[in-house]
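Participant: Pasting in a structure now, in structure tokens, and then I'll have a few things to ask.
The values are calculated or read from the model by the stated rules, or taken from the named source; none is laboratory data. Owing to the predicted nature of the structure, the values given are computational and were not obtained by experimental measurement. Neighbour counts run over all protein chains shown; Cβ positions are idealised from the backbone, glycine included. Surface accessibility is based on the protein's heavy atoms, side chains included, excluding ligands, DNA and RNA. Shrake-Rupley method; radii C 1.70, N 1.55, O 1.52, S 1.80 Å.
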Amino acid sequence: MLGARAAQVVAGLREAHGSGDTLALVTHGYFTQFLLREFIGHGTAYFRLVNTSTTLLTLPAPDAPEDWGPLVGWVGRFDHLRPEQVSH
């Protein structure tokens, strides 16, 4: 169910936004798993995420070769938190 919802969200974002657009998505950590899987095209990947972590993806342009995936800048970065603020 969440995988299908993530696919719907990603398809809607791709339809509504073009090359050069910058988006920020804010979501719950668990749903982030499904969004990232959809963006990278790997339905069984698991990402270690903590509260308020950030992820940077750069998606390929529409005219990029079909086998190009997103450029992953980072996943689950939380260096803005003090150690006592981190929850898994």
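Participant: Which order do Asp67, Asp21, Asp79 take by accessible area at a 1.4 Å probe, largest first?
Facilitator: Working: Asp67 130, Asp21 85, Asp79 110 Å².
In descending accessible area the options line up as Asp67, Asp79, Asp21.
Participant: Round to a whole number: what % of the accessible area of the chain belongs to carbon and sulfur, probe 1.4 Å?
Facilitator: Numbers: 3760 of 6680 Å².
Answer for the chain is 56 percent, counting heavy atoms of protein chains only.
Participant: Okay, moving on. For the chain, what is Rg from Cα atoms divided by 2.2 N^0.38 Å, rounded to two decimals? Walk me through the numbers before you get to the answer.
Facilitator: Working: Rg = 13.8 Å, N = 88, 2.2 N^0.38 = 12.1 Å.
So the chain has a normalised radius of gyration of 1.15.
Participant: Could you give the accessible area per residue of the chain, probe 1.4 Å, as a whole number in Å²? Walk me through the numbers on the way to the answer.
Facilitator: Working: 6680 Å² over 88 residues.
Accessible area per residue: 76 Å².
Participant: About its Cα centre, what dipole magnitude does the range 4-73 give when the only charges are +1 on Lys and Arg Cβ and -1 on Asp and Glu Cβ, stated in debye to the nearest 20?
Facilitator: Values: 4 positive and 6 negative charges, 78 e Å.
Roughly 380 debye for the range 4-73.
Participant: Another question, then. Whole Å is fine, so just give me how far the alpha carbon centre of the range 2-26 lies from that of the range 36-88.
Facilitator: After rounding, the separation between the Cα centres reads 14 Å.
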